[in-house]
Amino acid sequence: MTVQIDHALEEIRRFRPSPEFAAQAVAEERLYEEAAADRLGFWADQARSLLTWEKPFTQTLDWTNPPFAKWFADGELNVAVNCLDRHVAAGLGERVAIHWEGEPGDSRSITYAELTDEVKRAANTLEGLGVKQGDRVAIYLPMIPEAVVSMLAVARIGAIHSVVFGGFSADSLASRIDDAEASVVITADGGYRKGRVFPLKPVVDEALEKAEGGTVRNVLVVKRGENEVAWNADRDLWWHESVATASAEHDAQAFDAENPLFILYTSGTTGKPKGILHTSGGYLTQAAFTHKNVFDLHAERDVYWCTADVGWITGHSYVVYGPLANGATQVLYEGTPDTPHPGRWWEIVEKYGVTILYTAPTAIRSFMKLGRQIPHAFNLRTLRLLGSVGEPINPEAWIWYRHVIGGGSIPVVDTWWQTETGAIMISALPGVTDLKPGSAQVAVPGISVDILDDDGNHVEGEGGGLLTITEPWPSMLRGIWGDPERFKETYWEKFGDKYFAGDGARRDEDGDIWLLGRVDDVMNVSGHRLSTAEIESSLVAHPWTAEAAVVGAADETTGQAVVAFVILKASQADQVTDVSAAADELRKHVATQIGAIARPRQVFIVNELPKTRSGKIMRRLLRDLAEGRQVGDTTTLADTSVMTAITAQVQ
Ligand code: WT7
């Protein structure tokens, strides 16, 4: 069937589940009915049936001190045992947990029994280093099995991991280590990316010089890149010397359901990243429930692949905790999609017979640009379900994904959620919901969302408003590490007892939800969240910069791109002879300070910034400019001629 991709935008298509798919689907309509009849009872049932509790809980939700929720609070469990040991005990030890594919083409398949042993060894090693319940361990690793092992080993001993994406700079790593007061860092010498080894241990060394807390006692280093590394014998240990030789006997203790599991930093509207805190029982319940029902997981036969890095929430919930709690077999890939050739992902799908693929719209759009002949050189017939996450997926990309990757008839689920929500909140259920390209569709069973206007009134009909979550949910964040005030202020102050997600949304005549992007100063670049304030403060930290304004401008591939407008200090004018070299220097500076993902697509050197009479920068006007539009209403500017001057400078 040929698709009129051009027309997809004008069409409201709907795709009924095929009868064959529906007949074997994990999800059922009755989930909605059960959850609607008794929401808490529904989640209690899920927690009991999906997880193994050492001590059963009797109370489902404690919401007596909002917004601080407790789920299953008097229950006890061990998260790692739920992801590992119990599967081995159930006779599934020989099932492959991870098919790992290194970027250069080396690979390892690891069974549940092997993964369990490795996690026990790592748990013993960490305990040997003095790590105890509640201690923080920073993890700065490439996408190698040891990343999963490290997270689970930390969880196993009741400690708290803070995974920092390997693309973040030494400064970003240092501030995260300081904020969490981590006592151990787990890293690698380096990992593979785009055909080269990128160093990690040297970045950790630099970060530990920068970190002010001096909390880190040990650095555990996996050998992966074989790159030269400096060694501090008092502090550093090789994984292959310590973990590999540790005992594979480890009795796991059960912890309270509310025992903290991890901190994951994400960008907010201010310069300082927020340490989002997640706990154990509720988080694992919703991660497992959604992984099973949204991805139609048949663990005994599926090969699942989520392409996210473990440095992001998607990697936490849908590479580590959801799939492993469900006993799934999955692919873990170290590298970039186009190395050593542009068909690398599709080669991996063919090699492992991937059946479920979960990725981001930005990846789909970049494959669209390359053309269908690249995926079509490989056998993709094993695929039976596709997922999308990170930003709205435009209908053209949805249709392309379904047809070119999925062969035309398999479900595509667009999943809306956030670092803070911990697990999927809005999505179709495959086999149940009629699919509608471009819309994330409906709240998953047991989740209550609403669209409100600025004053907190329910928006009737098709009008747009602010997306809120109206009832506490099991995998909700429990706070911002060390900053309860910021937690209340950011998410709860606006609507009282309802969670404010920061996204605009509208509901169509069928009740399906369409996400409209962030309503705050947060950008979404390739499905990653970046803060305008954080990049602005990085820019003004450069000695040349007097002032900076950053906007997220629409970008064909990455969704949004970072565009910066910078005023240079007059005193530095003689330093800067070439404007385009200065712009490059500033772009590089941001990449070094924050990480390559934050590098601005463009830096415009300007003489003035558009400000209101009260001195607030009008980013809306800069966005118009960055997106090549006619500049909008300037009447509230202190000086209305400013935009004309800036426009002239930019063009
Ligand atoms: C923000 C959360 C959830 C894991 C990846 C990003 C945007 C996420 C969708 C979607 C439209 C989406 C929202 C959200 N977003 N998924 N399916 N449709 N927008 O996690 O870094 O915490 O970012 O990503 O704006 O608030 P995150």
Subject >> Packing rank of 489-495, 255-261, where each peptide gets the mean count of other beta carbons within 10 Å, highest leading >> reply: 255-261, 489-495
Original post:
With each label point set 7 Å from Cα along the Cα-Cβ vector, what nm distance links TRP238 and ASP38?
Top reply: 5.8
Original post:
About its Cα centre, how strong a charge dipole does segment 172-245 have in debye, to the nearest 20, once Lys and Arg get +1 and Asp and Glu get -1 at the Cβ?
Top reply: 420
**OP:** May I ask you to list, by number, the DSSP H helices of the chain whose Cα span along the axis is at least 20 Å and whose average Kyte-Doolittle hydropathy reaches 0.5 or more?
**Re:** none
**OP:** Would you please give the residues with an amide H less than 5 Å from that of TRP238, counting only those at least 5 places away or on a separate chain, with H modeled from the backbone geometry?
**Re:** VAL221
Subject >> Binned Cα-Cα distances of the chain, short to long, each 10 Å bin given as a whole percent >> reply: 3, 16, 26, 28, 19, 7, 1, 0
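Where does each of 402-410, 519-527 land if you order them by average Cβ count within 10 Å, highest first?
For the peptides 402-410, 519-527, the packing ranking is 519-527, 402-410.
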Original post:
In segment 178-298, what % of DSSP beta bridges are antiparallel (nearest 5)?
Top reply: 55
Original post:
Taking 0.36 nm per residue of separation and subtracting the Cα-Cα distance, what length does fully extending ARG217 through ASP62 add?
Top reply: 52.1 nm
Original post:
Using the Cα atoms as the points, what is the convex hull volume per residue of segment 68-156 in Å³?
Top reply: 133
Subject >> Cross-link pairs LYS194/LYS292; LYS274/LYS488; LYS55/LYS132 - those with Cα-Cα distance over 24 Å >> reply: LYS194/LYS292
Original post:
How much net charge surrounds TRP492 when only the other residues with a Cβ under 12 Å from the Cβ of TRP492 are counted, with Lys and Arg +1 and Asp and Glu -1?
Top reply: -1
Original post:
If you average the sequence gap of Cα pairs under 8 Å that are 6 or more apart and divide by the length of the chain, what percent do you get for the contact order?
Top reply: 13
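What is the sum of charges, Lys and Arg at +1 and Asp and Glu at -1, for the other residues whose Cβ falls under 12 Å from the Cβ of TYR401?
Values: positive: ARG365, ARG372, ARG402; negative: GLU396, ASP414.
Charge balance in the 12 Å sphere: +1.
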**OP:** Note the full-extension length gain between ASP434 and SER409 as 0.36 nm times their separation in residues minus their Cα-Cα distance, in nm to one decimal.
**Re:** 7.7 nm
Original post:
In whole angstrom, how far apart do the alpha carbon centroids of segment 417-455 and segment 516-553 sit?
Top reply: 27
Subject >> Rounded, prolate or oblate (a/c below 1.5 giving rounded, otherwise prolate when a/b exceeds b/c) for segment 116-213 by Cα gyration tensor >> reply: oblate
Original post:
What's the exposure ranking of TRP544, TRP481, going from fewest to most Cβ atoms within 10 Å?
Top reply: TRP544, TRP481
Original post:
What percent antiparallel are the DSSP beta bridges of segment 522-635, to the nearest 5?
Top reply: 80
**OP:** Would you mind pulling out the separation of the Cα centroids of segment 391-408 and segment 66-93, in Å?
**Re:** 35
Original post:
Arranged by the count of other C-beta atoms within 10 angstrom, fewest first, what order do SER18, SER150 take?
Top reply: SER18, SER150
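Using only alpha carbons, build the gyration tensor for segment 514-650 and give me the equivalent ellipsoid semi-axes, biggest first, whole Å.
Working: eigenvalues 94, 84, 32 Å².
Its equivalent ellipsoid spans semi-axes of 22, 20, 13 Å.
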Original post:
Taking the mean number of other Cβ atoms within 10 Å as a proxy for protection, how do you rank 569-580, 241-252 from highest to lowest?
Top reply: 241-252, 569-580
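To the nearest 500 deg cm²/dmol, what mean residue ellipticity at 222 nm is calculated for the chain from DSSP H runs of n ≥ 4 alone, each contributing -39,500 (n - 2.57), summed and divided by the residues?
So the calculated ellipticity at 222 nm is -8000 deg cm²/dmol.
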Original post:
At what distance in nm do the modelled label points of GLU249 and GLN572 sit from each other, each positioned 7 Å from its Cα along Cα→Cβ?
Top reply: 6.2
Subject >> Positive-end residue of GLN649, LEU621, LEU530, charge dipole of segment 514-650 with Cβ unit charges >> reply: LEU530
Original post:
In the chain, what percentage of the DSSP-assigned beta bridges are antiparallel, given to the nearest 5?
Top reply: 60
Original post:
Roughly how many debye, to the nearest 20, is the charge dipole of the chain about its Cα centre, given +1 on each Lys and Arg Cβ, -1 on each Asp and Glu Cβ, and no other charges?
Top reply: 820
Subject >> Binned Cα-Cα distances of segment 150-204, short to long, each 5 Å bin given as a whole percent >> reply: 4, 17, 26, 24, 16, 9, 3, 0
Subject >> Total charge dipole magnitude, segment 514-650, about the Cα centre, Cβ charges on Lys, Arg, Asp, Glu only, Debye to nearest 20 >> reply: 280
Subject >> Spin-label model distance (nm) - ASP455 vs ARG30, 7 Å beyond Cα toward Cβ >> reply: 4.5
Original post:
Mean separation of Cα pairs under 8 Å and 6+ residues apart, divided by the residue count of segment 514-650: what relative contact order is that in percent?
Top reply: 20
Original post:
Summing +1 for each Lys or Arg and -1 for each Asp or Glu, what net charge is found among the other residues whose Cβ lies under 12 Å from the Cβ of SER18?
Top reply: 0
**OP:** Kindly put THR647, THR558 in sequence by how many other C-beta atoms sit within 10 Å of each C-beta, fewest to most.
**Re:** THR647, THR558
Original post:
Hey, what did segment 97-171 get for relative contact order, percent, Cα under 8 Å, at least 6 apart?
Top reply: 29
Original post:
So for segment 271-361, Kirkwood radius off the Cα pairs, Stokes-Einstein at 25 °C and 0.890 mPa s: how many µm² s⁻¹?
Top reply: 174
**OP:** Give, as ranges by residue number, the residues of segment 385-400 whose backbone N falls under 17 Å from the point 7 Å along Cα→Cβ of ARG372.
**Re:** 395-400
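Read-outs throughout are calculated quantities, based only on the coordinates presented, and are distinct from any laboratory measurement. Predicted model, so just to flag it, every value in this text is computed and none were measured. Reconstructed Cβ throughout: ideal geometry from the backbone, glycine too, with neighbour counts over all protein chains shown.
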